[in-house]
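Taking it in order: structure first as structure tokens, then the write-up.
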Amino acid sequence: MLKKIGLLSIVVLLFFSCRKEKRVRIFEMGYQNLEFEIPAGINGSQALIFEFPELKTNFQSFLDLHNADLSRIGGIYPLNARITSFDDSDYYYIQEVEIRVCSSEQNDCTAQLDGVFYIEDLNGRANRIIDLQPGLQNVKSLMSGEYFRLEVVLFLNFGQITPYNQLSHLNMTFEVTE
């Protein structure tokens, strides 16, 4: 009998602990056509970092556009991001991508703290579009301010050299939730 109660308790605990968090979306914040150029001939022994040191969040404009009240906002979370090649060239030489955001007052962002979008283990499969996975980080304190710093960090396949100049752009969206 005691065994059955213990087993039932474990099942109930697992059920309640595995429930998915339900966020109620108020609106989305989109940042489009952030352009950068990957130069030809770069050795893959170190990460390529493209910096946007001071981007406007336009948070107040988004609030006004959606008639939203700041007091209703509980979080701002990464939703989706995509890197696209302007000239339809493939990104086969890229192994991993991270998008980091941090305060515009910082000199650089930190991978463990500031990563909002990522993709790993591309292993030569990337074509002219790279769709990134959203992280779980709530960036409300950063994205509800006036400015933020953005870094696009590319890691190349081992032994790879960037084959050509590749003009690219990043589109990313955050969801604002209750």
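The values are calculated or read from the model by the stated rules, or taken from the named source; none is laboratory data. What you are looking at is a predicted structure, and each value in this text was computed from that prediction instead of being measured. Note that we place each Cβ from the backbone using ideal geometry, even for glycine, and neighbour counts take in every protein chain shown.
Taking the stretch 125-171 on its own, how many of its residues are assigned to a strand (DSSP E or B) and not acidic (Asp, Glu)? Adding up the residues that qualify gives 21.
Where strands (runs of 3 or more DSSP E) sit wholly within the stretch 67-124, those with at least 3 residues that are under 19 Å from the mean Cα position of the chain (by Cα), of a type in the set (Val, Ile, Thr) and modelled with pLDDT of 95 or more occupy 75-85, 94-102.
Regarding residue 25, is this residue farther than 17 Å from residue 167 by Cβ and at pLDDT 90 or above? Yes. Is the stretch 159-171 home to any residue that is farther than 21 Å from residue 39 by Cα, at pLDDT 95 or above and surrounded by 13 or more Cβ atoms within 10 Å (Cβ to Cβ)? Checked against the condition, which is being farther than 21 Å from residue 39 by Cα, at pLDDT 95 or above and surrounded by 13 or more Cβ atoms within 10 Å (Cβ to Cβ), the stretch 159-171 yields no hits at all.
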